[in-house]
Amino acid sequence: MPDLKRRISAYVGAWPNLALAGPVETIVGGEAAKNDAAHVTQLQKRFVALGLDRHSYVVCVGGGAVLDLVGYAAATTHRGIRHIRIPTTVLAQNDSGVGVKNGINAFGMKNMLGTFVPPHAVINDSVFIDVLPGRDKRAGMSEAVKVALIRDKAFFEWIEEKAEALAIFASEPLEKLIRHCAVLHMRQIAHGGDPFERGSVRPLDFGHWAAHKLEVLSNYELRHGEAVAIGIALDTRYSVLSGLLPAGEELRVCRLLKRLGFGLWHDACDLRDGSGALMLLKGLEEFREHLGGELTITLLKELGTGIEVHTMDAGLIGEALDWLRSEALA
């Protein structure tokens with residue numbers, strides 16, 4: 001949308017009760033937005049220079065990484081400038097954009113610095129999805145599979161039914177997927193009892209302990225949603241190996257992810273450190289440290305129902321990875 005800045009200015013100019021504090025700003029997109037703390041400082045300086053205060057609104061139009069960055073800058077200027085999110089990707093519209101988290105990556109870890117501040121409003125517009133590249137449309141679908149697996153079996157079965165249509169990005173099923181996924185995420189945040197993650201349980205992060213580490217290990221070659229797809233497949237197989245989930249269900253999950261167009265392996269899965277230890281395993285401790293307290297990982301006891309565990313066996317993770325490699329390449 002190369003003329004978006006002009007269209008925003010024209011829209012604001014058409015309403016007497018709206019005014020832009022300054023020209024529409026363009027910033028770097030993608031994970032690069034979250035990998036340099038200087039972007040936060042630049043935005044904060046701009047907000048101050050424009051005289052924004054707690055009665056002003058910072059409106060961000062962009063994908064999840066951009067929303068995280070701008071939300072963090074807004075939340076930390078004047079101890080909180082109101083923030084409106086207009087997500088432009090499937091992942092941002094169905095997951096991150098409707099959450100309460102803001103932040104950036106730091107010290108080699110995902111989302112190390114940030115805040116829990118809900119946006120003042122979120123506006124999902126399917127017009128943004130229509131112009132996305134296919135890779136970005138697909139990446140966000142993994143979050144829908146994730147929330148369906150832990151909370152809504154009927155939704156999982158609906159995704160299975162519509163998989164071929166979703167794989168070619170048919171508008172009607174894709175819009176339904178985004179909306180229902182967003183509703184499930186909002187329901188968990190609003191009624192799950194711990195919206196600001198003061199405890200140790202993060203059910204919405206099923207598959208994410210591995211995904212966050214894989215993003216870093218792949219030098220962000222993997223998009224977040226692509227890494228989540230691998231993490232989902234890995235933890236589903238682990239759920240079977242640990243006796244929680246009936247055998248065969250992992251094949252069903254992997255088959256769906258493949259039908260949607262996801263690859264389920266990346267060489268980063270098998271990276272080793274100088275001592276030969278699997279580097280992916282460090283993601284478990286980083287996941288625990290991010291919240292503190294007891295390690296808590298969401299696995300599956302059946303499709304549509306998650307279960308929390310507090311230990312994961314390195315040997316079984318290795319077996320799950322071996323299985324995943326062969327399944328992904330089959």
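The values are calculated or read from the model by the stated rules, or taken from the named source; none is laboratory data. Since we're looking at a predicted model, the values are computed, not measured. Don't worry about glycine lacking a Cβ; one is built from the backbone with ideal geometry, like all the others, and counts go over all protein chains shown.
Would it be correct to say that residue 217 is surrounded by fewer than 16 Cβ atoms within 10 Å (Cβ to Cβ), modelled with pLDDT of 95 or more and under 19 Å from residue 325 (Cα atoms)? Answer is no for this residue. Within the stretch 270-288, the residues that satisfy the criterion of being part of a helix (DSSP H, G or I) and more than 19 Å from the chain's Cα centre (by Cα) are 270, 279, 281, 282, 285. For a quick check of your reading of the model, give me the residue pairs whose first member lies in the stretch 126-140 and is without any contact (Cβ under 8 Å) to a residue 24 or more places away in the chain, whose second is surrounded by fewer than 19 Cβ atoms within 10 Å (Cβ to Cβ), with beta-carbon atoms closer than 9 Å and at least 6 apart or on different chains. Every condition considered, the pairs that remain are 127/1. Looking across the stretch 238-269, the residues that are part of a loop (DSSP other than H, G, I, E, B), free of Cβ contacts under 8 Å to residues at least 60 places away in the same chain and over 18 Å from residue 157 (Cβ atoms) come down to 243, 247, 266. Residue check: residue 180 meets all listed conditions (1) touching a Pro at 6+ places or on another chain (Cβ under 9 Å); (2) at pLDDT 95 or above but one, namely (1).
Among the residues of the stretch 90-100, at least one is under 27 Å from residue 169 (Cβ atoms) and either among the acidic types (Asp, Glu) or in a strand (DSSP E or B) (or both).
The residue of the stretch 107-125 that is surrounded by the fewest Cβ atoms within 10 Å (Cβ to Cβ), among those that are farther than 24 Å from residue 183 by Cβ and at pLDDT below 95, is 107. Among the criteria (1) under 20 Å from residue 190 (Cβ atoms); (2) surrounded by 21 or more Cβ atoms within 10 Å (Cβ to Cβ); (3) not assigned by TED's automatic domain parsing to the domain that holds residue 281, the one residue 148 does not fulfil is (3). Residues of the stretch 14-40 that are of a type in the set (S, T, N, Q) and more than 23 Å from residue 92 (Cα to Cα): 17 alone. When 198, 237 are checked against the criterion of being touching an Asp or Glu at 6+ places or on another chain (Cβ under 9 Å) and assigned by TED's automatic domain parsing to the domain that holds residue 169, a single residue qualifies: 237. Selection of the stretch 289-330 for residues being in a strand (DSSP E or B) and β-branched (Val, Ile, Thr) yields 297, 298, 305, 307, 309.
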